[in-house]
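The values are calculated or read from the model by the stated rules, or taken from the named source; none is laboratory data. If you're wondering where the values come from, they're calculated on a predicted model, not measured in any experiment. For neighbour counting, all protein chains shown are included, and Cβ atoms are generated from backbone atoms with ideal geometry for every residue, glycine included. Just so you know, the surface numbers come from the protein's heavy atoms only, side chains and all, with ligands and any DNA or RNA stripped out. Shrake-Rupley method; radii C 1.70, N 1.55, O 1.52, S 1.80 Å.
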Amino acid sequence: MKTPRTPHSTAEQGYLDGQLLIAMPVMSDPRFARSVIYVCAHSEDGAMGLVINQRAQHISFPDLLQRLGIVPSDSEEEGLSDDVRSMSIHVGGPVETGRGFVLHSSDYFANDSTLPIEDGVCLTATIDILKAIAAGHGPNRAILALGYAGWSPGQLESEIQANGWLNCPADPDLIFDPDLDSKYMRALAKIGIDPSHLVNDAGHA
């Protein structure tokens, strides 16, 4: 049985649960260029996170609700609030792109399916939270992502060491802000970095 961790214990052990990863300009994988990723889980077994600044272009939230049978296909979005109709879908990463993940505030919690992460941010990956959002009973703040970013044991650490990523504490206001285009620059600003000053090669002692 795993021992429950206390807040920030994983960060003290060198793990990045609840932190933001910010792609360096030298990021060679175009899927992660200028990406900001919220790390949902990080341990000796690997890491998993969600890109929070890439919008899925070819599907809307009402479309997804219809595909999943949560609202009838002929409903023309009747009964959905403006907030629900305007909710964007994110590209969470290249792994399991047909699977949905909701990153949300802790005012919604399902005992069997919600994972608390850090600072009032939680992750739920079941259809029940989508039903709750559609009905107006979901969390106050949420982003829906299709797919996720995953790393095998030691891979994320290697990429950080190779100057692929910066990391900083997460800010819920930045995570849930619907202005996706500004998130990359704002994340860099959180750690006092001007992108024009970033070097492309890892430093050497």
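Anything in region 123-142 that is outside any loop (DSSP other than H, G, I, E, B) and within 11 Å of residue 172 (Cβ to Cβ)? List them, or say none. Passing the criteria: none in range.
If we scan region 62-77, do we find a residue that is surrounded by 21 or more Cβ atoms within 10 Å (Cβ to Cβ), of a type outside the set (Ser, Thr, Tyr), at pLDDT 85 or above and under 19 Å from the mean Cα position of the chain (by Cα)? The answer is no, given that none of the residues of region 62-77 is surrounded by 21 or more Cβ atoms within 10 Å (Cβ to Cβ), of a type outside the set (Ser, Thr, Tyr), at pLDDT 85 or above and under 19 Å from the mean Cα position of the chain (by Cα).
The condition of being crowded, with 17+ Cβ neighbours inside 10 Å and modelled with pLDDT under 95 holds for only one of 132, 162, that being 132. Residues that are at pLDDT 95 or above and more than 22 Å from residue 132 (Cβ to Cβ) within region 46-61 comprise 46, 47, 48, 49, 51, 53, 54, listed in sequence order.
Considering each residue of region 165-199, count those that are over 17 Å from the mean Cα position of the chain (by Cα) and surrounded by 12 or more Cβ atoms within 10 Å (Cβ to Cβ), and give that number.
Summing the residues that are over 17 Å from the mean Cα position of the chain (by Cα) and surrounded by 12 or more Cβ atoms within 10 Å (Cβ to Cβ) in region 165-199 gives 6.
Note on region 28-42: residues that are under 17 Å from the mean Cα position of the chain (by Cα) and surrounded by fewer than 23 Cβ atoms within 10 Å (Cβ to Cβ) total 5. Of the residues examined, residue 183 is one that is assigned to a helix (DSSP H, G or I) and within 30 Å of residue 26 (Cα to Cα). Within region 103-129, restricting attention to residues that are within 15 Å of residue 141 (Cβ to Cβ) and touching a residue at least 40 places away in the same chain (Cβ under 8 Å), the residue that is surrounded by the most Cβ atoms within 10 Å (Cβ to Cβ) is 103.
Residues that are open to solvent by 70 Å² or more (accessible area, probe 1.4 Å) and free of Cβ contacts under 8 Å to residues at least 60 places away in the same chain are absent from region 144-156 altogether. The numbered conditions (1) without any contact (Cβ under 8 Å) to a residue 60 or more places away in the chain; (2) small (Gly, Ala, Ser); (3) within 16 Å of residue 55 (Cα to Cα); (4) in contact with a Gly (Cβ under 7 Å, 6 or more places away or on another chain) are all true for residue 100 except (4).
Taken together, 81, 88 contain a single residue that is in contact (Cβ under 8 Å) with a residue 24 or more places away in the chain, open to solvent by less than 40 Å² (accessible area, probe 1.4 Å) and not β-branched (Val, Ile, Thr), which is 88.
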